[in-house]
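In what follows, a structure is listed as structure tokens, so that the remarks can point back to it.
The values are calculated or read from the model by the stated rules, or taken from the named source; none is laboratory data. What you see is a predicted model, and the numbers here were worked out from it, not measured in a lab. Using ideal geometry, Cβ is built from the backbone for each residue, glycine included, and neighbour counts are taken over all protein chains shown.
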Amino acid sequence: MTSTIDQQGRAAAGRDAAAARHAVIGEDGAGRCPWAVTHPLNQGYHDTEWGLPVHGERELFERITLEAFQAGLSWLTILAKRPAFRAAFDGFDPVAVAAYGDGDIERLLDEPGIVRNRAKIVAARGNARAVLALREQGGLDRLIWSHKPRRTPAPLTAGDVPTRTPDSEALARRLRSLGFSFVGPTTCYALMEAIGLVDTHLIGCHRRGSSGEHV
């Protein structure tokens, strides 16, 4: 028979877990999304970059590439390796990456500072070539921002944040039709969150509304 103490302990743990899914008030008095308080790198990224509007071909190519490498891993892993990624991929210049040959692929597979996944490295090269081809159709920036939804979520808890939406599905389909890979609906939604197309900072987070793209 379960003791009253055990039952009370589990109930308290459940309340704590539920509370942790709401915005978390830090020592500085600012509310933050729960994931932001798990590591200093996460907090710095959350407070200064995540959800702010991102424009520009190179900047968006970088975000697409990093989101693709993140698949199956934690975002913290990618953040920690971001400087090494930038150095290894020529600052995410799509012209440079598009010109990579097989020797460059092998070079990147020997680079200890990045995620060494052949399929993702090859996809980065292919995506760079797709980015350049898009220049004749208005460019990557125009394409991605044309998928900004009319409404943005208003999540109270982390559980209220979707992982994919019809808009991210449409963006994924469009990108794949243009030759991009590692751009599924979930990856595209993460991209949309990161670059400010949607605002999924929780209600109660001090960064809520920082994108300036939604009322």
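Here are a few things to note about the model shown:
- Considering residues of region 11-54 that are loosely packed, with under 11 Cβ neighbours inside 10 Å and modelled with pLDDT under 50 only, the residue nearest to Ile195 (Cα to Cα): Ala17
- The residues in region 82-128 that are buried (at least 17 other Cβ atoms within 10 Å of the Cβ), under 18 Å from Ser181 (Cα atoms) and of a type in the set (D, E, K, R) can be counted, and the count is 2.
- Checklist (1) crowded, with 17+ Cβ neighbours inside 10 Å; (2) under 19 Å from Leu143 (Cα atoms) applied to Trp75, failing item: (2)
- Yes/no for Arg63 being under 30 Å from Glu136 (Cβ atoms) and in a helix (DSSP H, G or I): yes
- The lone exception for Glu136 - which of (1) surrounded by fewer than 15 Cβ atoms within 10 Å (Cβ to Cβ); (2) under 14 Å from Phe61 (Cα atoms) it fails: (2)
- Test: residue in region 208-215 that is free of Cβ contacts under 8 Å to residues at least 60 places away in the same chain and of a type outside the set (D, E, K, R): yes
- Some residue of region 146-154 being more than 17 Å from Trp35 (Cα to Cα), surrounded by fewer than 22 Cβ atoms within 10 Å (Cβ to Cβ), free of Cβ contacts under 8 Å to residues at least 40 places away in the same chain and in contact with a helix residue (DSSP H, G or I) (Cβ under 7 Å, 6 or more places away or on another chain): no
- The test for being surrounded by 16 or more Cβ atoms within 10 Å (Cβ to Cβ), over 15 Å from the mean Cα position of the chain (by Cα), among the hydrophobic types (A, V, I, L, M, F, W, C) and farther than 18 Å from Asp93 by Cα does not hold for Cys188.
- Residue in region 122-162 that is modelled with the highest pLDDT, counting only those that are within 22 Å of Phe92 (Cβ to Cβ) and acidic (Asp, Glu): Asp141
- Given (1) out of contact with any Cys (no Cβ under 6 Å at 6 or more places or on another chain); (2) in a loop (DSSP other than H, G, I, E, B); (3) surrounded by 14 or more Cβ atoms within 10 Å (Cβ to Cβ), index of the condition Cys205 fails: (1)
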